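Notes to accompany the following structure.
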Amino acid sequence: MKAILKAIFIQMHKHLAPAPKAIVRCYIALISSISRLLPINWAKHIQSSVRGYALPWSQKSFPPRTVRVGRATSIWLTPHLGEFDEWVLFCKHMTYEKEVFEWLEQNAPTSYDTIIEIGANVGIYTCFFDALIKQAPAALLKEVVVFEPSREAYRRLLNNLEVNDAATVRPFNAAVGKTTEFMSFFEPKGHLTNGSFLKEFSALFSDDVAECPVLSVGAIDLGYFLKGRHHPLIKMDVEGYEPTLLGAMTEVIAAHNPDFLIEVLGDAPDEIEAIEALRMYRRVLILPDALQVHSRLFASPSSRDWLLIHPDSLARFPP
């Protein structure tokens, strides 16, 4: 039955994809309304049919939809066909990194007074953090500072912050690196979430990689935002640049004792383990059904997200 429906949808899509934008907007709005009422597996089949066969949709961007992330937190996101955020058109609940959102939902408002997000992209986590603050205004967490070097991702980040009426976020169209300087940033065509300072990393996603100069703020300058803060969390998603950036955090760690939420991929574990300033940290792998403490980082086939918890923070979390 699913196969038959998918075939029908695909034929309809092929016929209507090149239609005038107004018709496509109405058509996708109808599909979106139906899909978001269906179980997640059915919704994913509909999304797959819309994405399939490289259809030439004349309209790419659509009005924002609400989506639930974590267990009980909802945000607005503006979807774009053929890109990472398109799933908002088809699903009411986000399954992407669900375990990370749930851990943050339970712990961030009462464990951290500020969050610095490096590599915010279009702002899914950013809007989520703002929503957590709104839900618990008396909690410890008060401010989110975010950095995103990609101009297009930053434009969409600002749009998502606007539709969420985010008032606790300080966004910057910049990267964070070893020093304050201009650096080459590489963006693979059609993969807005995979821009990187490492050309070879971006080239994994497309043969067409654009190079552009971006401003990189030195890691030590993050101290400006951490003055008077006692429980900071630094979340970074920098597409392979994590070892270099963590290595530049020595003075920030010595002065402010932050916890880190990072992605660990490929050869990164050995490089990160060589950073002396991180030796004191507890390494915690975030799995779909549990947290696991390990003596060393490794590239897990089950999850790429790790917490690095400073000794001063351990009392706030269970063993």
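The values are calculated or read from the model by the stated rules, or taken from the named source; none is laboratory data. Because the structure is a prediction, the values reported are computed rather than measured. Cβ placement follows ideal geometry from the backbone for every residue including glycine, while neighbour counts extend to all protein chains displayed. Heavy atoms of the whole protein, side chains included, go into the accessibility calculation; ligands, DNA and RNA do not. Shrake-Rupley method; radii C 1.70, N 1.55, O 1.52, S 1.80 Å.
For the stretch 116-256, give the magnitude of the charge dipole about the Cα centre (Cβ charges: +1 Lys/Arg, -1 Asp/Glu; no others), in debye to the nearest 20. Each step should come with its number before you reach the end.
Details: 12 positive and 18 negative charges, 100 e Å.
About 480 debye.
Loop sites only, by DSSP: take the trypsin sites (Lys or Arg not before Pro) in the chain that have at most 12 other C-beta atoms within 10 Å and name the longest stretch containing none of them.
After excluding every exposed loop site, the longest remaining stretch is 72-188.
Could you tell me the center-to-center distance, by alpha carbons, between the stretch 33-74 and the stretch 225-304 in angstrom?
Cα centroid of the stretch 33-74 versus Cα centroid of the stretch 225-304: 32 Å apart.
May I ask for the angle, rounded to the nearest 10°, between helix 2-16 and the longest principal axis of the chain, with both axes built from Cα atoms and the value confined to 0 to 90°?
80 degrees
Limiting things to C-alpha atoms, what are the Rg and the maximum Cα-Cα separation (Dmax) for the stretch 269-313, in angstroms?
10.5, 31
Would you mind checking the radius of gyration and Dmax of the chain based on alpha-carbon positions, in Å?
20.3, 61
Cα extents of the stretch 78-139 along the three principal axes, largest first, in whole Å?
38, 22, 19
What lysines does LYS178 reach when the alpha-carbon gap must be under 29 Å and sequence neighbours fewer than 8 apart in one chain are set aside?
Leaving aside lysines fewer than 8 places away in the same chain, those within reach of LYS178 are LYS142, LYS189, LYS199, LYS227, LYS235.
Could you give the semi-axes, largest first, of the ellipsoid that matches the stretch 1-152, computed as the square roots of 5 times the alpha carbon gyration tensor eigenvalues and rounded to whole Å?
The three semi-axes for the stretch 1-152 are 34, 17, 12 Å.
Taking the Cα atoms only, what angle lies between the long axis of helix 40-51 and the longest principal axis of the chain, rounded to 10 degrees?
Value to nearest ten degrees: 70.
I need two numbers for the stretch 65-186: Rg to one decimal and Dmax as a whole number, Cα atoms only, in Å.
Here Rg and the maximum Cα pair distance are 14.4, 42 Å.
Shape call for the stretch 125-228 from the C-alpha gyration tensor, a ≥ b ≥ c root eigenvalues: rounded (a/c under 1.5), prolate (a/b greater than b/c) or oblate?
Numbers: a/c = 2.79, a/b = 1.57, b/c = 1.77.
Judged from the Cα gyration tensor, the stretch 125-228 comes out oblate (a/c at least 1.5, b/c at or above a/b).
Compare the Cα positions of GLN106, GLY123, ALA54 along the charge dipole of the chain (+1 at Cβ of Lys, Arg; -1 at Cβ of Asp, Glu; about the Cα centre) and return the one farthest towards the positive end.
ALA54
Going by alpha carbons, how many degrees (0 to 90, nearest 10) lie between the helix axis of 21-35 and the longest principal axis of the chain?
That helix lies at roughly 70 degrees to the long axis.
Protein chains only, probe 1.4 Å: how do VAL293, VAL69, VAL163 rank by accessible area, largest first?
Final ranking, largest accessible area leading: VAL293, VAL163, VAL69.
For the stretch 206-300, take N as its residue count and report Rg(C-alpha) divided by 2.2 N^0.38 Å.
1.20
Multiply the residue separation of LEU265 and ASN173 by 0.36 nm, subtract the distance between their alpha-carbon atoms, and state the gained length in nm to one decimal.
30.6 nm
Once every DSSP H run of n ≥ 4 in the chain is given -39500 (n - 2.57) and the sum is divided by its residues, what mean residue ellipticity at 222 nm do you get, rounded to the nearest 500 deg cm²/dmol? Don't skip to the answer; put the middle values down first.
Values: 11 runs with 108 residues, N = 319.
The per-residue figure over the chain is -10000 deg cm²/dmol.
Solvent-accessible area of MET280, probe 1.4 Å, all protein chains present, reported in Å² to the nearest ten, please.
Accessible area, nearest 10 Å²: 100 Å².
With r defined as the distance between the Cβ atoms of ALA22 and LEU55 and R0 fixed at 25 Å, what FRET efficiency is calculated, to the nearest 0.05? Walk me through the numbers on the way to the answer.
On the way: r = 17 Å, r/R0 = 0.70.
Plugging the Cβ-Cβ distance into 1/(1 + (r/R0)^6) gives 0.90.
How much accessible area does CYS91 have with a 1.4 Å probe, in Å² rounded to the nearest 10?
Its heavy atoms expose roughly 10 Å² to the probe.
Please find, in a Gaussian network model of the chain (springs between Cα atoms separated by less than 10 Å), the residue of ALA19, ALA255, ALA54 whose mean-square fluctuation is greatest.
The residue with the greatest mean-square fluctuation here is ALA54.
Given a 1.4 Å probe and heavy atoms of the protein chains only, how would you sort GLU276, GLU263, largest accessible area at the top?
Largest accessible area first, the list is GLU276, GLU263.
List the relative contact order of the chain as a percent without decimals, with contacts defined as Cα pairs under 8 Å and 6+ residues apart.
Normalised by residue count, the contact order of the chain is 12 percent.
Check cross-link reach from LYS92 to the lysines: straight Cα distance under 22 Å, and skip same-chain residues fewer than eight apart.
Result set, ordered by chain and number: LYS2, LYS6, LYS44, LYS60, LYS134.
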